Amino acid sequence: MNIFVINSGSSSIKYQLFKMPSLSPVCSGLVDRIGLENSTITHKTYIDGEEKVFKYAIEVNDHEEGLKKVNELLTDMAIGVIKNADEVKAVGHRVVHGGEAFSVPTIISPDVKEKLKLTFQLAPLHNPSAFRGIEVAEKIFSKAVQVAIFDTAFHQTLPPKAFRFAIPNSYYTDYNIRVYGFHGTSHKYVTHRAAEYLNKSGSKLISIHLGNGCSMAAVNDGKSIDTSMGFGPLSGLIMGTRSGDIDPTIVFYLVNQLGYDIEQVSNLLNKRSGMLGLTGFSDMRDIRKAINDGDAIAKLAYDMYAYRIKKYIGAYAAVLNGLDAVIFTAGVGENDAVTRELVCRDMEYLGLKLAIDKNNEPASGIREINQADSKVKILVVPTNEELEIANECYELLG
């Protein structure tokens, strides 16, 4: 079954094509800078174990134009992997926010699309882009089943004591203000892989997704029971440009004393804070270089970043009433040995003992980086959200 996975952003389309049940894509790519100058398409094929990369500088004015160009590559006589668009049986769409209406993979119908529009206010930067991708895919892959996979769905198992806020009940009942959580597709994938690796039923796991956006999840026997992001993706850990947890009183001070309007506050906390606000850089590689050059503020920022993660590990170990493994995943989690070392330092009380030599080894699939006598496993598990989306589509359609 050919399953095409789309992650549609405001100015980009990421994609992969799987021939399920094979777990390896036959092609993947990125349409970048849609509607902007210098737009590009990077297209990779994986045939007989050989990767070939094709990059095109090409004008792409909108998402429909971009996806049409991708379809041309998919069906190209020389480098194509399918004969025509009708060979695609399902298109899986990553949708960031499902609200309370969507908790499972969902076949997209006119009724579902109307309900999706109601989620735009919950994720104004992400869901309209995903919706645009759905409408374009319906035109190009007209015979395929369109399936929405929601980033919030994995966290729908949170109990009320974890997902409710301590504000008047009417804000939940009337406006659905609650914890939704994000990065659910990634947390689901890596905790499932970790449970398989541990070969233990009822595993108690903490998943740490560290990219430009960062979040954690406490997962008990495959179910998310708490997570660090909340109503939106701003709360929790320190991130590339987002502040993470912050005293709400600061917002009042910014507005009442410093004259900020709400848009300025949002821009500050979402786009100008986090590691960028502390150091001037959002990329951890740049921050490490600054530390190596003797930048004391950069070192403090790194310590703050790791300290916040440590606090959540302690909280989630308490919530889980035990711990089998801590999982590092995503760009920083998989590749930044310094971050992992800072997080795991002085955590013996919770049973974490990092093996420095293993931690510094190059990344290569799922691996243990703990000492042999560590009571809790420390795992690096590469995430694969596109594969998880393909798997969920395949299971849904049988």
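The values are calculated or read from the model by the stated rules, or taken from the named source; none is laboratory data. From a predicted model like this one, the values you see are computed outputs, not experimental measurements. Neighbour counts run over all protein chains shown; Cβ positions are idealised from the backbone, glycine included.
Hey, any hits in the stretch 46-56 for a residue that's out of contact with any Gly (no Cβ under 8 Å at 6 or more places or on another chain), surrounded by 12 or more Cβ atoms within 10 Å (Cβ to Cβ), assigned to a loop (DSSP other than H, G, I, E, B) and in the same structural domain as Ile13 (by TED's automatic domain parsing)?
no
Can you report the number of residues in the stretch 173-202 which are closer than 14 Å to Lys377 by Cα and outside any helix (DSSP H, G or I)?
Of the residues in the stretch 173-202, 2 are closer than 14 Å to Lys377 by Cα and outside any helix (DSSP H, G or I).
State the number of residues belonging to the stretch 140-176 that are of a type in the set (Val, Ile, Thr), in contact with a helix residue (DSSP H, G or I) (Cβ under 7 Å, 6 or more places away or on another chain) and over 25 Å from Ile108 (Cα atoms).
Within the stretch 140-176, residues that are of a type in the set (Val, Ile, Thr), in contact with a helix residue (DSSP H, G or I) (Cβ under 7 Å, 6 or more places away or on another chain) and over 25 Å from Ile108 (Cα atoms) number 0.
Suppose the filter is surrounded by fewer than 16 Cβ atoms within 10 Å (Cβ to Cβ) and outside the structural domain of Leu23 (by TED's automatic domain parsing); does Thr173 pass it?
It is true that Thr173 is surrounded by fewer than 16 Cβ atoms within 10 Å (Cβ to Cβ) and outside the structural domain of Leu23 (by TED's automatic domain parsing).
If Phe165 passes every condition in (1) buried (at least 20 other Cβ atoms within 10 Å of the Cβ); (2) outside the structural domain of Val70 (by TED's automatic domain parsing); (3) part of a loop (DSSP other than H, G, I, E, B) but one, which one does it miss?
Evaluating Phe165 over (1) buried (at least 20 other Cβ atoms within 10 Å of the Cβ); (2) outside the structural domain of Val70 (by TED's automatic domain parsing); (3) part of a loop (DSSP other than H, G, I, E, B) leaves (1) as the failure.
Working only within the stretch 215-232, note down all residues that are part of a strand (DSSP E or B) and either modelled with pLDDT under 95 or closer than 17 Å to Asn321 by Cα (or both).
Hits for the stretch 215-232 are Met216, Ala217, Ala218, Val219, Asn220, Lys223, Ser224, Ile225, Asp226, Thr227.
Among the listed residues Tyr307, Tyr312, which satisfies the condition of being buried (at least 20 other Cβ atoms within 10 Å of the Cβ) and under 20 Å from Gly331 (Cα atoms)?
It is Tyr312.
If Thr383 satisfies every condition in (1) assigned to a loop (DSSP other than H, G, I, E, B); (2) under 30 Å from Val5 (Cα atoms); (3) without any contact (Cβ under 8 Å) to a residue 60 or more places away in the chain but one, which is the exception?
Just one mismatch for Thr383, condition (3).
Give the residue, chosen from Arg132, Arg94, that is modelled with pLDDT under 95, at negative phi and part of a strand (DSSP E or B).
Arg94
Report whether or not Phe131 is without any contact (Cβ under 8 Å) to a residue 40 or more places away in the chain, of a type in the set (Phe, Trp, Tyr) and buried (at least 18 other Cβ atoms within 10 Å of the Cβ).
Criteria met by Phe131.
Being among the basic types (Lys, Arg) and buried (at least 16 other Cβ atoms within 10 Å of the Cβ) is the filter here, so list the residues in the stretch 326-352 that pass it.
Arg340, the sole residue that qualifies.
Test Val26 against the stated conditions and say whether it is touching a Lys or Arg at 6+ places or on another chain (Cβ under 9 Å), surrounded by 17 or more Cβ atoms within 10 Å (Cβ to Cβ), of a type in the set (A, V, I, L, M) and assigned by TED's automatic domain parsing to the domain that holds Val136.
yes
Would you call Glu114 surrounded by fewer than 17 Cβ atoms within 10 Å (Cβ to Cβ) and among the charged types (D, E, K, R)?
Yes, satisfied.
Check whether at least one residue in the stretch 329-345 is assigned to a strand (DSSP E or B), in contact (Cβ under 8 Å) with a residue 40 or more places away in the chain and within 25 Å of the chain's Cα centre (by Cα), and report yes or no.
yes
Give the residues of the stretch 1-31 that are in contact with a Leu (Cβ under 9 Å, 6 or more places away or on another chain), of a type in the set (Ser, Thr, Tyr) and over 16 Å from Gln146 (Cβ atoms), sorted by residue number.
Passing the criteria: Ser10, Ser11, Ser12, Ser24, Ser28.
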